[in-house]
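Notes follow once the structure below has been shown.
The values are calculated or read from the model by the stated rules, or taken from the named source; none is laboratory data. Predicted model only: the values in this text are computed from it and were never measured. Virtual Cβ from ideal backbone geometry, glycine too; neighbours counted across all protein chains shown. For the accessible areas, the whole protein counts, side chains as well, though only heavy atoms, and no ligand, DNA or RNA atoms are used. Shrake-Rupley method; radii C 1.70, N 1.55, O 1.52, S 1.80 Å.
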Amino acid sequence: MYRSHNNGSLRASDINTEVTLSGWVQKSRDKGFMIWVDLRDRYGITQLIFDEDRTSKVIMEHARTLGREFVIQVKGTVIERASKNPNLPTGDIEILVSELTVLNEALLPPFTIEDETDGGEDVRMKYRYLDIRRNPVKNSLIFRHKVAIEVRKYLSNQDFIEVETPYLIKSTPEGARDFVVPSRMNEGQFYALPQSPQTFKQLLMVGGMDKYFQIVKCFRDEDLRADRQPEFTQIDCEMTFVEQEDILSIFEGLTRHLLKEINDVVVDKFPRMLYDDAMRLYGNDKPDIRFGMEFGELNAVAQHKEFNVFNNAELVVGIAVPGGNSYTRKEIDKLIDWVKRPQVGALGMVYSRCNDDGSYKSSVDKFYDQDDLAKWAEVTGAKPGDLICVLSGNVNKVRAQLSALRMELAERLGLRDPKVFAPLWVIDFPLLELDEETGHYHAMHHPFTSPKPGQIELLSTDPGAVKANAYDLVLNGNEIGGGSIRIHDKATQALMFDYLGFTPEEAKAQFGFLMDAFQYGAPPHGGLAFGLDRLVAILGGQETIRDFIAFPKNNSGRDVMIDAPSAIDQEQLKELHLKLDA
Ligand code: ASP
């Protein structure tokens, strides 16, 4: 038996008990006549004591050789500590050691296994198994486990069945590139790893499973923006005989359950916002509504003066920064530099100070008098003491730029409190999105999403205006889930593929199996998927998903610990019927 107790469990009530403990040496202090060792495992730390008067000489000497992270086993007696440590659950006791066995020695770790470590991100990723011994990472993984358990509990109670779907499949379009896997047994043919189990979960509905979920890995070969992973986890769900309202209600329930069980936070009914309003008021389809600073569109009050920058713009739009009038000229200049950074891309920024006496001072006083600026204040909701920041240009671009500025300022103003949770449904997304480069429309969600009833005719006249039965769940400015009511008849699905530029042959080759299935009694169905990694990070009050993933990849999609991806040898290439170009 390696242990009778773990290292977090012994208390004063255990004094005089004979115990066996195993674990890692966190640290040791050698005072000559006494040696203390902190023994660590997942459950906590227990102090061991070796004492000249009470411990044999051999064991004393052996204890002196223990290095950090050695794996040891001890037998001994639980005794009362002379100086208690109220910060440690086991702080009332220590173990007077009578037997010591070194189970394995350890090299000196390349960084300290402490909450605040001296190890940089790269070295911690290379030695991730050591990083996982640290409380912040360990606790994040335990936290993730708790969230996953609560998800399973809630959905199982609602009659959902967890079904596994295959990883070696054919492409499912979720808007990214596929990872592909060559088939040895089928020369020249490839599997694609699923970007999501989308088509399979729909087939499960045709199969009569009624309510499906799966905590599942998805794979998307995208250029990795910060804090994205090429493989990530979804809570994937699908339901039969449902309308949008049924889905929103079940998954609002799931989110509320998680907030209650995990964070002990009770949230009222989630507000809903039309996609068009989200774009107009926040410049963003995933607005953070923990704070205001809503956009005010200023075309009507700022155009048709002498200021051509605004006159020539599609959209002139501003926000009121609470208390922003206290910014110095220099600070405002810095803000202007910030919006002009290539990542944001604005050409400039106009501002108007709202003075405490009700007067205004703007960077464009030449063109706008006090009455004009008072209208700006009215439209943006600015109060005395605020600063109005105004951007102008192409609608889509300027909304994205002002949204970035809004988030940045909110961050600086401390308005993005991770302990406050503001969920929001964004509904009525457009069905199609215009790719400005190619001039083609593609599915905003995915090609299986149904248009709103009665809108299908609009497809041929004004495709961009067609709304979808599609919804996203947003939490604190992050999209944590999204889904739609699906098309469930062959004719509409074929029409959809046609609008998306698939020839009938291409549609048949890629999705024939789904359209075939739709001919055998496909029920109305819909669903959604949550991004589990992001959801866990937000519930855990963290910005980055990496600490909640046991073995994450870096920004170049590499696992630096196992050194993947890596080359494969000639033999293997030959077996797979592959030849490399380079
Ligand atoms: N498959 C979709 C996605 O991965 C989710 C859904 O429509 O249910 O975003």
Test: residue in the stretch 431-442 that is farther than 29 Å from V536 by Cβ, touching a Phe, Trp or Tyr at 6+ places or on another chain (Cβ under 6 Å) and open to solvent by 70 Å² or more (accessible area, probe 1.4 Å):
yes
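Could you list all residues from the stretch 12-29 that are under 45 Å from the mean Cα position of the chain (by Cα) and open to solvent by 40 Å² or more (accessible area, probe 1.4 Å)?
First, the residues of the stretch 12-29 that are under 45 Å from the mean Cα position of the chain (by Cα): 12-14, 19-29.
The answer is A12, S13, W24, K27, S28, R29.
Applying the selection to the stretch 44-62, what residues are more than 24 Å from A12 (Cβ to Cβ) and either assigned to a strand (DSSP E or B) or open to solvent by 30 Å² or more (accessible area, probe 1.4 Å) (or both)? Before you say what the answer is, go through the steps one by one.
The initial filter retains those residues of the stretch 44-62 that are more than 24 Å from A12 (Cβ to Cβ), namely 52, 56-62.
Passing the criteria: E52, S56, K57, V58, E61, H62.
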Whichever residue in the stretch 528-569 is without any contact (Cβ under 8 Å) to a residue 24 or more places away in the chain and loosely packed, with under 13 Cβ neighbours inside 10 Å and, among such residues, is farthest from S140 (Cα to Cα)
D569
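Go through L254, L259, L248 for me and flag whichever is in contact (Cβ under 8 Å) with a residue 40 or more places away in the chain, surrounded by 20 or more Cβ atoms within 10 Å (Cβ to Cβ) and assigned to a helix (DSSP H, G or I). Outline the logic, then answer.
Details: L259 fails: surrounded by 20 or more Cβ atoms within 10 Å (Cβ to Cβ); L248 fails: surrounded by 20 or more Cβ atoms within 10 Å (Cβ to Cβ).
Going through L254, L259, L248 in turn, just one is in contact (Cβ under 8 Å) with a residue 40 or more places away in the chain, surrounded by 20 or more Cβ atoms within 10 Å (Cβ to Cβ) and assigned to a helix (DSSP H, G or I): L254.
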Conditions (1) within 41 Å of the chain's Cα centre (by Cα); (2) crowded, with 19+ Cβ neighbours inside 10 Å; (3) among the hydroxyl-bearing types (S, T, Y); number of the one not met by S9
(2)
Of the residues in the stretch 128-149, how many are open to solvent by 60 Å² or more (accessible area, probe 1.4 Å) and among the basic types (K, R)?
2
Starting from the stretch 23-51, keep only residues that are in contact (Cβ under 8 Å) with a residue 60 or more places away in the chain and over 15 Å from V102 (Cβ atoms), then list their pairs with residues that are among the polar types (S, T, N, Q) and assigned to a strand (DSSP E or B) whose Cβ atoms are within a distance under 7 Å, requiring at least 6 positions of separation or different chains.
R40/Q26
Just give me the residues in the stretch 150-175 being more than 14 Å from the ligand (Cβ to nearest atom), within 15 Å of L204 (Cα to Cα) and open to solvent by less than 30 Å² (accessible area, probe 1.4 Å), in sequence order.
none
Would the stretch 187-203 turn up any residue that is away from the ligand (no atom under 13 Å from the Cβ), open to solvent by less than 40 Å² (accessible area, probe 1.4 Å) and closer than 25 Å to E150 by Cα?
no
Run down R184, R144 and say which single residue is touching a Phe, Trp or Tyr at 6+ places or on another chain (Cβ under 9 Å) and farther than 28 Å from P447 by Cα.
R144
With the requirement that a residue be within 16 Å of the ligand (Cβ to nearest atom) and either β-branched (V, I, T) or not in a helix (DSSP H, G or I) (or both), what does the stretch 234-245 give you?
Q234, I235, D236, C237, E238, M239, T240, V242, E243
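In this structure, is L224 more than 21 Å from D472 (Cα to Cα) and out of contact with any helix residue (DSSP H, G or I) (no Cβ under 8 Å at 6 or more places or on another chain)? Walk me through how you get there before you give the answer.
On the way: more than 21 Å from D472 (Cα to Cα): yes; out of contact with any helix residue (DSSP H, G or I) (no Cβ under 8 Å at 6 or more places or on another chain): yes.
For L224, the condition - more than 21 Å from D472 (Cα to Cα) and out of contact with any helix residue (DSSP H, G or I) (no Cβ under 8 Å at 6 or more places or on another chain) - is met.
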Which of (1) of a type in the set (A, V, I, L, M, F, W, C); (2) open to solvent by less than 40 Å² (accessible area, probe 1.4 Å); (3) within 13 Å of the ligand (Cβ to nearest atom) does F421 not meet, given it meets every other one?
(3)
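Take the conditions of a type in the set (A, V, I, L, M), assigned to a helix (DSSP H, G or I) and out of contact with any Asp or Glu (no Cβ under 6 Å at 6 or more places or on another chain) and apply them to V390. Does it pass?
Numbers: of a type in the set (A, V, I, L, M): yes; assigned to a helix (DSSP H, G or I): no; out of contact with any Asp or Glu (no Cβ under 6 Å at 6 or more places or on another chain): yes.
No; evaluated as a whole, the condition is false for this residue.
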Of all the residues that make up the stretch 204-233, how many are open to solvent by 20 Å² or more (accessible area, probe 1.4 Å), within 16 Å of the ligand (Cβ to nearest atom), over 30 Å from K579 (Cβ atoms) and touching a residue at least 60 places away in the same chain (Cβ under 8 Å)?
3
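Please specify each residue of the stretch 63-78 satisfying the condition of being touching a Ser or Thr at 6+ places or on another chain (Cβ under 9 Å) and either open to solvent by 10 Å² or more (accessible area, probe 1.4 Å) or of a type in the set (F, W, Y) (or both).
So in the stretch 63-78, the residues touching a Ser or Thr at 6+ places or on another chain (Cβ under 9 Å) come out as 63-64, 66-68, 71-78.
Matches in the stretch 63-78: R64, L66, G67, R68, V71, Q73, K75, T77.
Yes or no, residue by residue, for (1) at pLDDT 95 or above; (2) of a type in the set (A, V, I, L, M, F, W, C):
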| position | (1), (2) |
| --- | --- |
| F160 | yes, yes |
| Y167 | yes, no |
| P173 | no, no |
| M185 | yes, yes |
| K201 | yes, no |
| Y212 | yes, no |
| E231 | yes, no |
Checking the condition at pLDDT 95 or above and among the small types (G, A, S), which residue from G119, G91 passes?
G91
Of (1) in contact (Cβ under 8 Å) with a residue 24 or more places away in the chain; (2) part of a loop (DSSP other than H, G, I, E, B); (3) at negative phi, H577 fails just (3)
Determine if the stretch 104-111 includes at least one residue that is within 28 Å of R124 (Cβ to Cβ), open to solvent by 60 Å² or more (accessible area, probe 1.4 Å) and touching a residue at least 60 places away in the same chain (Cβ under 8 Å).
no
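Just for helices (runs of 4 or more DSSP H) wholly inside the stretch 270-372: which have at least 1 residues that are open to solvent by less than 10 Å² (accessible area, probe 1.4 Å) and under 26 Å from P418 (Cβ atoms)?
Working: elements: 275-282, 299-302, 308-311, 329-340.
Of the helices (runs of 4 or more DSSP H) lying wholly inside the stretch 270-372, those with at least 1 residues that are open to solvent by less than 10 Å² (accessible area, probe 1.4 Å) and under 26 Å from P418 (Cβ atoms) span 275-282, 329-340.
Taking the stated definitions as given, is T117 of a type in the set (S, T, N, Q) and within 27 Å of D53 (Cβ to Cβ)?
No: the conditions fail for T117.
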Test result for E437, out of contact with any strand residue (DSSP E or B) (no Cβ under 6 Å at 6 or more places or on another chain), away from the ligand (no atom under 16 Å from the Cβ) and more than 23 Å from D285 (Cα to Cα)
no
